[in-house]
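Novice: Here it is: the structure, laid out below.
The values are calculated or read from the model by the stated rules, or taken from the named source; none is laboratory data. Quantities reported herein were computed from a predicted structural model and do not represent experimental measurements. Don't worry about glycine lacking a Cβ; one is built from the backbone with ideal geometry, like all the others, and counts go over all protein chains shown.
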Amino acid sequence: MTTTGDESVTFMQAQSGGSVTVPALKAYDLFPTRIWQARLPSLAPHLREWVATVLQMRAASPEPAGRTNRQGWNSQDMAVLEQPVFAPLRDAVRTGCASAMRDMGVSGIPFDLQSWVNLHDRGGFNFLHVHEGSLLSGSFYLQVPPGSGRFVFRDPRPGVVHGYVKGAVPNGYSDIHLTPEAGLLVLFPCWMEHFVEPHNSDVPRITIAFNAIAGNPG
(Lines give C-alpha, C1' and ligand atoms only; values in the text may rest on other atoms or scores of the structure.)
Protein backbone atom coordinates (compact mmCIF):
# COMPACT_ATOMS: atom_id res chain seq x y z
CA MET A 1 0.00 0.00 0.00
CA THR A 2 1.26 3.47 -0.87
CA THR A 3 -0.19 6.80 0.06
CA THR A 4 -0.55 9.69 -2.37
CA GLY A 5 -0.90 12.76 -0.19
CA ASP A 6 -4.06 13.42 1.81
CA GLU A 7 -6.51 12.92 -1.04
CA SER A 8 -6.51 9.19 -1.66
CA VAL A 9 -5.03 5.83 -0.79
CA THR A 10 -3.82 3.40 -3.48
CA PHE A 11 -4.14 -0.36 -2.89
CA MET A 12 -2.03 -2.72 -5.04
CA GLN A 13 -3.94 -5.72 -6.36
CA ALA A 14 -1.65 -8.75 -6.59
CA GLN A 15 -3.80 -10.79 -8.97
CA SER A 16 -4.47 -8.17 -11.60
CA GLY A 17 -1.27 -6.25 -11.22
CA GLY A 18 -3.33 -3.06 -11.21
CA SER A 19 -4.34 -0.73 -8.44
CA VAL A 20 -7.51 0.81 -7.05
CA THR A 21 -7.52 4.37 -5.80
CA VAL A 22 -9.82 4.82 -2.81
CA PRO A 23 -10.85 8.45 -2.23
CA ALA A 24 -10.21 9.80 1.26
CA LEU A 25 -13.80 10.87 1.89
CA LYS A 26 -14.59 13.82 4.11
CA ALA A 27 -18.01 13.68 5.75
CA TYR A 28 -20.25 16.76 6.00
CA ASP A 29 -23.45 16.61 8.04
CA LEU A 30 -25.92 18.97 6.38
CA PHE A 31 -29.15 20.41 7.82
CA PRO A 32 -28.48 19.65 11.49
CA THR A 33 -31.59 19.57 13.68
CA ARG A 34 -31.00 20.32 17.34
CA ILE A 35 -33.15 19.67 20.39
CA TRP A 36 -32.27 20.37 24.02
CA GLN A 37 -32.90 18.43 27.23
CA ALA A 38 -32.33 19.22 30.89
CA ARG A 39 -33.11 17.31 34.06
CA LEU A 40 -34.24 19.74 36.73
CA PRO A 41 -33.86 17.99 40.12
CA SER A 42 -34.23 21.32 41.94
CA LEU A 43 -37.91 21.32 40.91
CA ALA A 44 -38.58 17.80 42.25
CA PRO A 45 -40.03 19.08 45.57
CA HIS A 46 -42.77 20.87 43.58
CA LEU A 47 -43.90 17.96 41.42
CA ARG A 48 -46.44 16.51 43.84
CA GLU A 49 -48.09 19.91 44.34
CA TRP A 50 -48.13 20.59 40.61
CA VAL A 51 -49.74 17.23 39.85
CA ALA A 52 -52.43 17.97 42.45
CA THR A 53 -52.99 21.40 40.87
CA VAL A 54 -53.45 19.85 37.44
CA LEU A 55 -55.96 17.31 38.76
CA GLN A 56 -57.89 20.14 40.44
CA MET A 57 -57.90 22.04 37.15
CA ARG A 58 -59.34 19.00 35.40
CA ALA A 59 -62.02 18.51 38.05
CA ALA A 60 -63.03 22.17 37.78
CA SER A 61 -63.16 22.14 33.97
CA PRO A 62 -63.42 18.50 32.83
CA GLU A 63 -64.11 19.16 29.13
CA PRO A 64 -60.81 18.71 27.23
CA ALA A 65 -59.70 21.37 24.78
CA GLY A 66 -59.14 18.72 22.11
CA ARG A 67 -56.47 19.79 19.65
CA THR A 68 -54.13 16.78 19.17
CA ASN A 69 -54.87 15.09 22.51
CA ARG A 70 -57.08 11.97 22.52
CA GLN A 71 -58.36 9.81 25.41
CA GLY A 72 -57.22 12.15 28.11
CA TRP A 73 -57.50 15.82 29.00
CA ASN A 74 -55.81 19.05 28.03
CA SER A 75 -56.48 22.48 29.41
CA GLN A 76 -58.46 25.23 27.74
CA ASP A 77 -56.13 27.54 29.65
CA MET A 78 -53.17 28.44 27.44
CA ALA A 79 -51.33 30.37 30.16
CA VAL A 80 -50.90 27.66 32.79
CA LEU A 81 -47.34 28.70 33.66
CA GLU A 82 -48.59 32.18 34.64
CA GLN A 83 -50.36 30.72 37.66
CA PRO A 84 -48.36 31.64 40.79
CA VAL A 85 -48.00 28.00 41.86
CA PHE A 86 -45.97 27.30 38.69
CA ALA A 87 -43.64 30.30 39.05
CA PRO A 88 -40.43 28.24 39.59
CA LEU A 89 -41.18 26.19 36.48
CA ARG A 90 -42.06 29.28 34.44
CA ASP A 91 -38.71 30.84 35.35
CA ALA A 92 -36.81 27.66 34.42
CA VAL A 93 -38.65 27.38 31.10
CA ARG A 94 -37.99 31.02 30.22
CA THR A 95 -34.30 30.65 31.06
CA GLY A 96 -34.05 27.44 29.03
CA CYS A 97 -35.80 28.97 26.02
CA ALA A 98 -33.53 32.03 26.12
CA SER A 99 -30.45 29.80 26.18
CA ALA A 100 -31.69 27.63 23.29
CA MET A 101 -32.54 30.69 21.21
CA ARG A 102 -29.02 32.02 21.74
CA ASP A 103 -27.85 28.67 20.37
CA MET A 104 -30.11 29.28 17.35
CA GLY A 105 -28.65 32.75 16.76
CA VAL A 106 -31.80 34.67 17.70
CA SER A 107 -30.88 35.92 21.16
CA GLY A 108 -32.45 39.12 22.41
CA ILE A 109 -35.86 38.58 20.83
CA PRO A 110 -38.59 39.32 23.41
CA PHE A 111 -40.94 36.38 23.82
CA ASP A 112 -44.02 35.29 25.70
CA LEU A 113 -45.02 31.78 26.74
CA GLN A 114 -48.10 29.85 25.73
CA SER A 115 -48.50 26.89 28.10
CA TRP A 116 -51.09 24.20 28.65
CA VAL A 117 -51.59 20.81 30.30
CA ASN A 118 -51.47 17.53 28.38
CA LEU A 119 -52.82 14.60 30.41
CA HIS A 120 -53.22 11.05 29.11
CA ASP A 121 -55.46 8.42 30.65
CA ARG A 122 -54.96 4.77 29.70
CA GLY A 123 -54.87 4.57 25.91
CA GLY A 124 -54.36 8.30 25.54
CA PHE A 125 -52.03 9.78 22.93
CA ASN A 126 -51.27 12.83 20.79
CA PHE A 127 -51.38 12.44 17.05
CA LEU A 128 -48.73 13.80 14.67
CA HIS A 129 -48.54 17.59 14.64
CA VAL A 130 -46.34 20.70 14.71
CA HIS A 131 -46.51 23.96 16.70
CA GLU A 132 -46.62 26.36 13.78
CA GLY A 133 -45.29 29.89 14.05
CA SER A 134 -43.47 29.64 17.38
CA LEU A 135 -39.89 30.58 18.13
CA LEU A 136 -39.46 27.34 20.09
CA SER A 137 -41.60 24.60 21.60
CA GLY A 138 -41.18 22.23 24.51
CA SER A 139 -42.50 20.02 27.28
CA PHE A 140 -41.89 19.55 30.98
CA TYR A 141 -42.87 16.21 32.51
CA LEU A 142 -44.71 16.27 35.84
CA GLN A 143 -45.75 12.62 36.13
CA VAL A 144 -44.48 9.71 34.03
CA PRO A 145 -45.62 6.34 35.42
CA PRO A 146 -44.34 3.02 34.02
CA GLY A 147 -46.10 2.33 30.72
CA SER A 148 -46.17 5.97 29.66
CA GLY A 149 -46.17 6.60 25.95
CA ARG A 150 -42.91 7.77 24.44
CA PHE A 151 -42.46 11.15 22.78
CA VAL A 152 -41.57 10.62 19.12
CA PHE A 153 -39.92 13.04 16.68
CA ARG A 154 -40.63 12.33 13.03
CA ASP A 155 -37.58 12.54 10.76
CA PRO A 156 -37.97 16.06 9.31
CA ARG A 157 -36.40 15.30 5.91
CA PRO A 158 -39.39 14.65 3.61
CA GLY A 159 -37.51 12.64 1.00
CA VAL A 160 -35.58 10.30 3.28
CA VAL A 161 -38.53 7.97 3.80
CA HIS A 162 -38.17 6.93 0.14
CA GLY A 163 -34.53 5.88 0.53
CA TYR A 164 -33.22 2.34 0.75
CA VAL A 165 -31.28 2.86 3.99
CA LYS A 166 -33.27 2.58 7.22
CA GLY A 167 -32.18 3.11 10.81
CA ALA A 168 -30.15 5.62 12.82
CA VAL A 169 -27.22 5.70 10.39
CA PRO A 170 -25.99 8.43 8.02
CA ASN A 171 -28.66 9.11 5.38
CA GLY A 172 -30.98 6.51 6.91
CA TYR A 173 -34.63 7.00 7.82
CA SER A 174 -35.34 6.79 11.55
CA ASP A 175 -37.81 8.45 13.89
CA ILE A 176 -36.43 9.40 17.31
CA HIS A 177 -38.17 7.92 20.37
CA LEU A 178 -37.67 9.83 23.62
CA THR A 179 -38.50 8.05 26.87
CA PRO A 180 -39.49 10.84 29.28
CA GLU A 181 -39.17 11.00 33.05
CA ALA A 182 -40.58 13.28 35.72
CA GLY A 183 -38.56 16.48 35.98
CA LEU A 184 -37.30 16.40 32.39
CA LEU A 185 -37.41 19.55 30.23
CA VAL A 186 -37.33 19.12 26.44
CA LEU A 187 -37.03 21.97 23.91
CA PHE A 188 -37.32 21.58 20.14
CA PRO A 189 -37.95 23.62 16.97
CA CYS A 190 -41.65 24.27 16.46
CA TRP A 191 -41.63 22.80 12.96
CA MET A 192 -40.53 19.32 14.03
CA GLU A 193 -43.40 16.87 13.58
CA HIS A 194 -43.98 14.86 16.74
CA PHE A 195 -46.51 12.64 18.47
CA VAL A 196 -47.00 10.72 21.71
CA GLU A 197 -47.45 6.96 21.75
CA PRO A 198 -50.47 5.42 23.54
CA HIS A 199 -50.33 5.47 27.33
CA ASN A 200 -50.45 2.09 29.09
CA SER A 201 -51.12 2.88 32.74
CA ASP A 202 -54.08 3.73 34.96
CA VAL A 203 -51.99 6.52 36.51
CA PRO A 204 -52.17 9.61 34.26
CA ARG A 205 -49.19 10.81 32.27
CA ILE A 206 -49.00 14.59 32.85
CA THR A 207 -47.03 17.17 30.89
CA ILE A 208 -46.89 20.94 30.72
CA ALA A 209 -46.43 21.83 27.06
CA PHE A 210 -45.41 25.28 25.90
CA ASN A 211 -44.45 27.54 23.02
CA ALA A 212 -42.15 30.55 23.11
CA ILE A 213 -43.83 33.10 20.83
CA ALA A 214 -42.49 36.45 19.65
CA GLY A 215 -43.60 39.21 22.04
CA ASN A 216 -43.95 42.96 21.74
CA PRO A 217 -40.60 44.74 22.06
CA GLY A 218 -42.26 47.36 24.26
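Novice: Restricting the search to region 99-133, which residues are over 14 Å from the mean Cα position of the chain (by Cα), small (G, A, S) and crowded, with 16+ Cβ neighbours inside 10 Å?
Specialist: S115, G124
Novice: With the requirement that a residue be touching a helix residue (DSSP H, G or I) at 6+ places or on another chain (Cβ under 6 Å) and either hydrophobic (A, V, I, L, M, F, W, C) or at positive phi (or both), what does region 90-124 give you?
Specialist: L113, W116, V117
Novice: Let me ask another. Which of the following residues is touching a residue at least 40 places away in the same chain (Cβ under 8 Å) and assigned to a loop (DSSP other than H, G, I, E, B): S115, S107, S148, S137? Full working, then the answer.
Specialist: Details: S115 fails: assigned to a loop (DSSP other than H, G, I, E, B); S107 fails: touching a residue at least 40 places away in the same chain (Cβ under 8 Å); S137 fails: assigned to a loop (DSSP other than H, G, I, E, B).
Answer to the selection: S148.
Novice: Which residues, taken from region 166-218, are charged (D, E, K, R), part of a strand (DSSP E or B) and over 12 Å from R150 (Cα atoms)? Break it down into steps so the answer makes sense when it comes.
Specialist: We begin by selecting, within region 166-218, every residue charged (D, E, K, R); these are 166, 175, 181, 193, 197, 202, 205.
Within this subset, residues satisfying the condition of being part of a strand (DSSP E or B) are 166, 205.
Hit for region 166-218 is K166, nothing else.
Novice: Could you figure out which of (1) at pLDDT 95 or above; (2) out of contact with any Gly (no Cβ under 8 Å at 6 or more places or on another chain) isn't true of R67?
Specialist: (1)
Novice: Looking at region 19-61 only, could you name the residues that are of a type in the set (K, R) and not in a helix (DSSP H, G or I)? Break it down stepwise before answering.
Specialist: Step one: filter region 19-61 for residues of a type in the set (K, R), giving 26, 34, 39, 48, 58.
Scanning region 19-61 gives K26, R34, R39.
Novice: Hey, any hits in region 39-60 for a residue that's modelled with pLDDT of 95 or more and closer than 24 Å to E193 by Cα? Full working, then the answer.
Specialist: Filtering region 39-60 for residues modelled with pLDDT of 95 or more gives 39-60.
If we keep only those that are closer than 24 Å to E193 by Cα too, we end up with 39.
There is at least one residue in region 39-60 that is modelled with pLDDT of 95 or more and closer than 24 Å to E193 by Cα.
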